[in-house]
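K.L.:
Pasting a structure below so you can have a look.
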Amino acid sequence: MTGSVSLAPGPATARRLRTRVSHTRPEVDPGAAERAAADLLTALGLDLTDENLVETPRRMAHALIEMTSGPDFELTTFPNEEGYDELVLVRDIVLQSVCEHHMLPFVGVAHIGYLPGERILGLSKFARMVELHARRPQTQERLTQRIADHLQDQLAPRGVGVVIEAEHTCMSLRGARSPGARTTTSALFGRLRDDPRSRAEFLSLTRDRS
């Protein structure tokens, strides 16, 4: 992951800070991915001359490329001029990722909260950050930690918390075949980890379904 800092022009420069956030990764080769998909499907006994399957290798390759390529975005922060020091929580951010062990999707929601320090984050950027980190093969545990680490690094808040709840199709569609089972992971920093009251408030709000 790389980030380059640029300041917005004009009077807003002193107020708004933008950091370009992207993942560094080898260049994607759609042609090679399509050929590999065709080889895999043929090895599984599928007849790719069938009219219904002729385009399947291309579609399969592009679907996997889409599922493992997160879009860049600008992480926009603003000065916390009002000195706001209470919890900011964004719940139920939809996420889709891919299990690195079976290359099957896991889907669910992320809840992200932080106790602001000197800067606050534009609310839409929480969803952008989840999407960026989710679009790659990985484990749910690592995804949770990466989002929390990134927020801690970029915001320097007094506390950060990330909770992810997801259903893994590698568990619901194969193997144990346990549809509906959900996995919950969390990563906490600062006061949301060390202060019992702040920790309890954050975790309580992530569980509240009212």
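The values are calculated or read from the model by the stated rules, or taken from the named source; none is laboratory data. As the structure is a computational prediction, the values presented were derived from the model and not from experiment. Positions of Cβ are backbone-derived with ideal geometry, glycine not excepted, and every protein chain shown enters the neighbour counts. Accessible surface is based on the protein model in full, side chains and every heavy atom, while ligands, DNA and RNA are left aside. Shrake-Rupley method; radii C 1.70, N 1.55, O 1.52, S 1.80 Å.
K.L.:
Looking at (1) surrounded by fewer than 10 Cβ atoms within 10 Å (Cβ to Cβ); (2) modelled with pLDDT of 70 or more; (3) in a helix (DSSP H, G or I), which is the only condition Pro26 fails?
P.N.:
With (1) surrounded by fewer than 10 Cβ atoms within 10 Å (Cβ to Cβ); (2) modelled with pLDDT of 70 or more; (3) in a helix (DSSP H, G or I) applied to Pro26, the lone miss is (3).
K.L.:
I would also like to ask the following. Is it the case that segment 144-157 has a residue that's open to solvent by 20 Å² or more (accessible area, probe 1.4 Å), under 29 Å from Val28 (Cβ atoms) and touching a strand residue (DSSP E or B) at 6+ places or on another chain (Cβ under 7 Å)? I'd like the intermediate steps shown before the answer.
P.N.:
Of segment 144-157, the ones open to solvent by 20 Å² or more (accessible area, probe 1.4 Å) are 145-146, 149, 152-154, 156.
Filter once more, keeping what is under 29 Å from Val28 (Cβ atoms): 145-146, 149, 153-154.
Now narrow it down to the ones that are touching a strand residue (DSSP E or B) at 6+ places or on another chain (Cβ under 7 Å): 145, 154.
Scanning segment 144-157 turns up at least one residue that is open to solvent by 20 Å² or more (accessible area, probe 1.4 Å), under 29 Å from Val28 (Cβ atoms) and touching a strand residue (DSSP E or B) at 6+ places or on another chain (Cβ under 7 Å).
K.L.:
Run down Ala127, Ala110 and say which single residue is among the hydrophobic types (A, V, I, L, M, F, W, C), over 29 Å from Arg35 (Cβ atoms) and open to solvent by 20 Å² or more (accessible area, probe 1.4 Å). Before you say what the answer is, go through the steps one by one.
P.N.:
Working: Ala110 fails: open to solvent by 20 Å² or more (accessible area, probe 1.4 Å).
Being among the hydrophobic types (A, V, I, L, M, F, W, C), over 29 Å from Arg35 (Cβ atoms) and open to solvent by 20 Å² or more (accessible area, probe 1.4 Å) holds for just one of Ala127, Ala110, which is Ala127.
K.L.:
Next up: Within segment 70-82, identify whether any single residue is open to solvent by less than 60 Å² (accessible area, probe 1.4 Å), over 17 Å from Gln154 (Cα atoms) and not in a strand (DSSP E or B), and answer yes or no.
P.N.:
The answer is yes; a qualifying residue exists.
K.L.:
Within segment 90-107, how many residues turn out to be open to solvent by 30 Å² or more (accessible area, probe 1.4 Å) and without any contact (Cβ under 8 Å) to a residue 40 or more places away in the chain?
P.N.:
Pass one, segment 90-107, residues open to solvent by 30 Å² or more (accessible area, probe 1.4 Å): 90-92, 94, 96, 100-105, 107.
Pick out the ones that are also without any contact (Cβ under 8 Å) to a residue 40 or more places away in the chain and you get 90, 92, 94, 96, 100, 103.
Matching residues across segment 90-107 total 6.
K.L.:
Within segment 165-190, how many residues turn out to be in contact with a Leu (Cβ under 6 Å, 6 or more places away or on another chain) and not hydroxyl-bearing (Ser, Thr, Tyr)?
P.N.:
Within segment 165-190, residues that are in contact with a Leu (Cβ under 6 Å, 6 or more places away or on another chain) and not hydroxyl-bearing (Ser, Thr, Tyr) number 1.
K.L.:
Out of everything in segment 54-69 that is aliphatic (A, V, I, L, M) and surrounded by 14 or more Cβ atoms within 10 Å (Cβ to Cβ), what residue ends up being nearest to Leu123 (Cα to Cα)?
P.N.:
Restricting to residues being aliphatic (A, V, I, L, M) and surrounded by 14 or more Cβ atoms within 10 Å (Cβ to Cβ), the top hit is Met67.
K.L.:
Can you name the residue in segment 174-191 that is over 20 Å from the mean Cα position of the chain (by Cα) and modelled with pLDDT of 95 or more and, of all such residues, is surrounded by the most Cβ atoms within 10 Å (Cβ to Cβ)?
P.N.:
Ranking the candidates gives Arg191 first.
K.L.:
Being out of contact with any Gly (no Cβ under 8 Å at 6 or more places or on another chain), more than 18 Å from Asp92 (Cβ to Cβ) and charged (D, E, K, R) narrows it down to one of Arg193, Arg197, so name that one. Steps first, please.
P.N.:
Details: Arg193 fails: out of contact with any Gly (no Cβ under 8 Å at 6 or more places or on another chain).
So the residue among Arg193, Arg197 that is out of contact with any Gly (no Cβ under 8 Å at 6 or more places or on another chain), more than 18 Å from Asp92 (Cβ to Cβ) and charged (D, E, K, R) is Arg197.
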